[in-house]
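Written out below as structure tokens is the structure these notes cover.
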2 protein chains.
Amino acid sequence: MSTILDQIRGPEDLKTLSIEQLALLAEEIRAFITQSVSQTGGHLASNLGVVDLTIAMHRAFDFRRDKLLWDVGHQCYAHKILTGRREAFSTLRQLDGLSGFPSPQESPYDQFYVGHAGTSIATAIGMALGAQHAGTDEKVVAFVGDASIVNGLSFEALNNIGLVRRQMLIVLNDNSMAIDATPGAMAGFLSRVRLSHTYEDIRRTTRSILEHLPLIGRTMEDALENFKRTLRMQISPSRLFESLNIPYFGPVDGHDIDSLIELFEAIGFLNRPAILHVYTRKGKGFTPADNNPTKFHSTGPFEINGDAASIKKGARSYTAAFGDALAEVAEKNEKIMAITAAMPDGTGLVKFREQFPDRFYDVGIAESVAVDIAAGMAKKGLRPFVCIYSTFLQRCIDQIFQEVALQNLPVVFCIDRAGLVGNDGPTHHGTMDIGFLRMLPNLVLLSPVCESEMRHALAFAAEASYPVAIRYPRDVIPNGCIEEICSTQPFVLGRSLTVREGEGDIVLAALGSLVAAAIEAADRLAGEGIDATVINARFAKPIDEGIVELWKQGKTIVTLEDHTLACGFGSAVQESVGQVRRFPERKETIRTGRICQLAVGDLFVKAGPRKWQLEAAGLSIQRIVETVRSLAAAQPRPYAPERIS
Amino acid sequence: MSTILDQIRGPEDLKTLSIEQLALLAEEIRAFITQSVSQTGGHLASNLGVVDLTIAMHRAFDFRRDKLLWDVGHQCYAHKILTGRREAFSTLRQLDGLSGFPSPQESPYDQFYVGHAGTSIATAIGMALGAQHAGTDEKVVAFVGDASIVNGLSFEALNNIGLVRRQMLIVLNDNSMAIDATPGAMAGFLSRVRLSHTYEDIRRTTRSILEHLPLIGRTMEDALENFKRTLRMQISPSRLFESLNIPYFGPVDGHDIDSLIELFEAIGFLNRPAILHVYTRKGKGFTPADNNPTKFHSTGPFEINGDAASIKKGARSYTAAFGDALAEVAEKNEKIMAITAAMPDGTGLVKFREQFPDRFYDVGIAESVAVDIAAGMAKKGLRPFVCIYSTFLQRCIDQIFQEVALQNLPVVFCIDRAGLVGNDGPTHHGTMDIGFLRMLPNLVLLSPVCESEMRHALAFAAEASYPVAIRYPRDVIPNGCIEEICSTQPFVLGRSLTVREGEGDIVLAALGSLVAAAIEAADRLAGEGIDATVINARFAKPIDEGIVELWKQGKTIVTLEDHTLACGFGSAVQESVGQVRRFPERKETIRTGRICQLAVGDLFVKAGPRKWQLEAAGLSIQRIVETVRSLAAAQPRPYAPERIS
């Protein structure tokens, strides 16, 4: 049965549809997205909420010429469906499939690979300036949600809108609810605005905007004045934006396709930047998502039973282990606080929030202030645990440097999604945190392997008088033999754990989640006569002197980490070994060992299953075995030792 | 002759002074600061502007118990003078002397070591939350300037003020002028407010605030309503802050000590956060600074001739060479744009701004948006050069990652103050940029030695189809023999330059500003029979394969860089060498070389002359000579080669 969606090959096909057909198309797209995401997993609720908006934008603009910048970009599914990528949707977020985020290599309709919040207005300014310099008249549209506009980068961009002296439209997609999940004053403000409006108010606003938009001869200022006079709104976001000199229009209904098209066409002709504020329902069109947009924000595959949905439960994750361990240690220490930047679920803080609501803080998508608030708390004797994904930690490096490391304050960083992250792809991998953090004096960096170690790690951090960072991946947390060895051993600063004693020259020094693979690899190699030692490094900083000792005994150290090779744990081991030569403290004769670093290469790793990504990086059990095999074969012949000093 | 200032041992001594005496004290302090800074150099204009405010704050509060957080902190001189550090002022910014910024190790009156903008409100929130949890009632005061409040971090903090349910005061020090140096909408807005006020308006505001501040029984909301009703201000910043739910008071006169004390005492008793907006004159009390606050913002020593000042001119700097070279390359390529984050002088862009005003952009203290705007421009075919100090680059790492490296856009980063920076001290060293940047795929990282190389570097970058980062220090740019070798050699991707061929086993592979020292060291060592090769590495990424070749020939490579040892250029060389072992491509026999990294250690280097800092880090000519001498003595005896595969 042919649907309207079947007829859409590209956005130009929207132009021949009537308003009724566009509304039907919207329903079909919502059903399509729901069905698709139930199979592949992905971001659901946000995408359902913006289908009407997306249709209206594509109808009013021509995004081959005009430029559409998505903020974060997880809400781009309808956009992709309309721009020739519908057939590929079953490959969403799969290896070599459609990206879950905008992707310039897929389509000229996509401008930037994105995944981190706050960038749309900023890059839109840059593109508008480019058009300004070239004297071209394409439209530039930035699409940003109410959660992202509170990020510091968004604000810096809003503050610089005045650089743009031609058209630029910011669509502020506001799906904040009365029981609002988005924290912060601005979100609260937008919520109060929303609550103070009736549906009739919003319809009247739309009429008023259209009536008062500047026509030839009338200035923007006059138009705005008239527009505001006709509105009798108690509270309006216009004050906020006008203080920043940005013409503000709205709020309007983000599901009224007819009015939206008219609005976009009219506002699109303004010759200076403006904001259009639209209201949408997150999860619209699929009742479970509509009722629980948080649960269906980002989801794995699920079953659709009529209108209900049951989400498959996964195995026990590092995140879950962290959440339980934090709640445990917090029970014994009332000074422990937990801070998240808009990701309480993802960072495992739901339990903590339930048990200690007064000690839980969510600052919104604002990682920088999360760190500084933690620093202020630590200064006052509290013990803050800041929980931020590795990739988002990149947004607050300067604050970790100045407010935490430089002051030597006991702030704990709980870094989830450290390492390769699977289907979220290159915008989300957490493969650079060791590099950033180990350059900072005073800061200790460690990585637990299993559940016992997670508890030990948090206990260690909670007692430390200096900053501590704990990294762990988005993965199932191992149990078994490692547990037995590790469970009895608290973390001691700079001390690794030998989990397998080997007689040979090969030493596998693994950090965190790679210890399990190292043990497996060593077992397989033993069958080939290679008897390797396996070390659970525990610390990426400081490096255990014991590892350097092994090198001085002539061993071959193979370092293993879920991180880039550049600047990682293995790199730190190389530096430590290099220091032996630089500061010869006594005349000694040592054998020269070797160091081989296994880590992620100098490339952006594409989206796909995490297992596949680890394999491709040489970090799977089999690949480790192969590497060690060839290293063992290349052992140096008997050689004269190297004399230091 | 005893002055009032002589009697002040600590802030408690202010309490016995009359208002007239306080005004005299302010004059004495201004004269003292001017005299002192003329000897030592430092930040002058900002400090002169806040003397009255500082006196009033210390009179109204007790900052042994109450907490004062300075934003950036360069304006803390009067504060230090009043808190027992006057005698030490001749040591300002000297080695082992008084810090030019707040310093907790100097005084319990200082909370955080600071130097980067945007942190005061954020850390104040953290400290207020600490007090909230502890149930203590000390006052928390954040002092922030109009240039810093536009930073994303400040905004994220303002957005989270609602977490604080007790007293917290933000003093917004507004010294923006009619001909405003601070760019951006918010600054423009504050300027318009300032221009719309007469002095009488401001006095009336002060009266009104004091009359309407909440008394027992009256709510904050009532008080604010009354306050606003009595004011007939055309435009007020109150709308902006009230949209964010922050009670706003002001603007008031920041030089009227009497009223300020009354205001602080009254506002200090509010039981929820509030902003007090004050106007000050930057440079007040010293006519040259008053007339040209930009010139006297941060100054070296100068001569005071009556009321005039003549600033000593220094030798030609890397910055000046960069500025000229950029203007040169921009003349030939009209797509070249220059972007700064509020530092046009410091980054050498004054000439560019004069010649190409339409191509120059200053986004205010907002490094993150500077990068994203550049990315948008590059997407549209322009060639943006983003000029940010190394230490401030830490504020936009995520944007460099996502908007630039991931998109592989040809944005050029011109990184001044890379390396040890001298008297600005540990908050300002640029010793981590190589570590951050070399983890990013696609991004090329290079460092010019001399003026010719600077021109070559910019020419290379302007033609590149990928992102390029160029780093150089705050130092005199060398000329002489290096010039002859380098001037004829354009930059070729990943290609170093051998500037001295030696017969021996020692190779000095130096990056950027350390090449000159390496050449001098090699000359001295030649006198001792050590004939070293000197390489101008040029690139920190990618590393020249030729350097790896030298290691395969058994050479001892000594890497030299103005950067931390962790994750630096030398670390990259180690990794490259390590890769030889990992990917044996053919059966070959190689000799094992050695790598010795000379770089800055894992510590925060204290303020002092840059020369001293380099010496302490082992990077002076003499220290290099000593290190090489001991390495040469420790050369291995004849040994069997290592066979790879």
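The values are calculated or read from the model by the stated rules, or taken from the named source; none is laboratory data. Given the structure is predicted, the values throughout are model-derived calculations rather than measurements. Cβ placement follows ideal geometry from the backbone for every residue including glycine, while neighbour counts extend to all protein chains displayed. Surface accessibility is based on the protein's heavy atoms, side chains included, excluding ligands, DNA and RNA. Shrake-Rupley method; radii C 1.70, N 1.55, O 1.52, S 1.80 Å.
Numbers for the structure displayed
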{"quantity": "Per principal axis, descending, Cα span of the protein assembly as shown in whole Å", "calculated": "99, 91, 66"}
{"quantity": "Cα-based helix-to-principal-axis angle, A:119-134 vs chain A, degrees rounded to 10", "calculated": "60 degrees"}
{"quantity": "Dmax and Rg, reported as Rg then Dmax, of region B:489-556 (C-alpha, Å)", "calculated": "11.7, 35"}
{"quantity": "14 Å beta-carbon shell around B:I121, net charge (K/R +1, D/E -1)", "calculated": "-4"}
{"quantity": "0 to 90° range, to nearest 10: angle between helix B:621-633 axis and chain B longest Cα axis", "calculated": "40 degrees"}
{"quantity": "Compactness relative to 2.2 N^0.38 Å, alpha carbon Rg of region B:495-644", "calculated": "1.04"}
{"quantity": "B:E549 - accessible surface, heavy atoms, 1.4 Å probe, Å² rounded to 10", "calculated": "90 Å²"}
{"quantity": "Relative contact order, percent, region A:5-298 [alpha-carbon distance under 8 Å, six or more residues apart]", "calculated": "23 percent"}
{"quantity": "Chain B, Rg to Rh (Cα coordinates; Rh as Kirkwood inverse mean 1/r)", "calculated": "1.03"}
{"quantity": "Average beta-carbon neighbours from other chains, 10 Å sphere, peptide B:604-613", "calculated": "1"}
{"quantity": "Drop in accessible area of at least 10 Å² in the complex versus isolated chain, residues of region A:138-155, 1.4 Å probe", "calculated": "A:E138, A:V150, A:G152, A:L153, A:F155"}
{"quantity": "Peptide A:93-102 - average C-beta neighbours from other chains (10 Å radius)", "calculated": "0"}
{"quantity": "Dimensionless Rg/Rh of region B:5-298 - Kirkwood Rh, Rg from C-alpha atoms", "calculated": "0.94"}
{"quantity": "Environment charge of B:V404, counting only residues whose C-beta is closer than 12 Å and scoring Lys/Arg +1, Asp/Glu -1", "calculated": "-2"}
{"quantity": "Mean projection area, nm², convex hull over Cα of region B:264-364", "calculated": "10.4 nm²"}
{"quantity": "P(r), alpha carbons of region A:1-141 - 5 Å bins starting at zero, rounded %", "calculated": "2, 10, 20, 23, 20, 14, 8, 3, 1, 0"}
{"quantity": "Principal semi-axes in Å for region B:34-98 [√(5λ), Cα gyration tensor, largest first]", "calculated": "21, 13, 10"}
{"quantity": "Closest approach to the axis - chain A beta-carbon, rotation onto B, Å", "calculated": "A:G152, 1"}
{"quantity": "Distances in nm from A:R65 to the matching label points in the other copies, shortest first (labels 7 Å along Cα to Cβ)", "calculated": "7.0"}
{"quantity": "Most to least packed among B:47-57, B:166-176, A:34-44, B:275-285 [average Cβ atoms within 10 Å]", "calculated": "B:47-57, B:166-176, B:275-285, A:34-44"}
{"quantity": "Anisotropy class of region A:407-452 from Cα gyration tensor, a/c 1.5 cut", "calculated": "oblate"}
{"quantity": "Partner chain coverage, peptide B:184-193 - average Cβ within 10 angstrom", "calculated": "4"}
{"quantity": "Over region B:336-393, volume per residue of the alpha carbon convex hull, in Å³", "calculated": "68 Å³"}
{"quantity": "Teacher prompt: B:Q622 distances to equivalent labels in other copies, 7 Å Cα→Cβ, nm", "calculated": "6.1"}
{"quantity": "Pseudo-label separations to other copies for B:E106 - Cα-to-Cβ vector, 7 Å, nm", "calculated": "5.5"}
{"quantity": "Gyration tensor verdict on region B:396-528 (Cα atoms; rounded if a/c is under 1.5, prolate if a/b is larger than b/c, oblate otherwise)", "calculated": "prolate"}
{"quantity": "Angle between chain A longest axis and helix A:257-267 axis [Cα atoms, degrees, rounded to 10]", "calculated": "90 degrees"}
{"quantity": "Region A:428-454 versus region B:107-181: alpha-carbon centroid distance in Å", "calculated": "30 Å"}
{"quantity": "Once the Cα gyration tensor of region A:74-121 is diagonalised, semi-axes √(5λ) in Å", "calculated": "18, 12, 9"}
{"quantity": "Percent of C-alpha pairs per 10 Å bin, region A:318-482, short to long", "calculated": "11, 45, 37, 7, 0"}
{"quantity": "Relative contact order %, chain A, counting alpha carbon pairs below 8 Å whose residues are six or more apart", "calculated": "11 percent"}
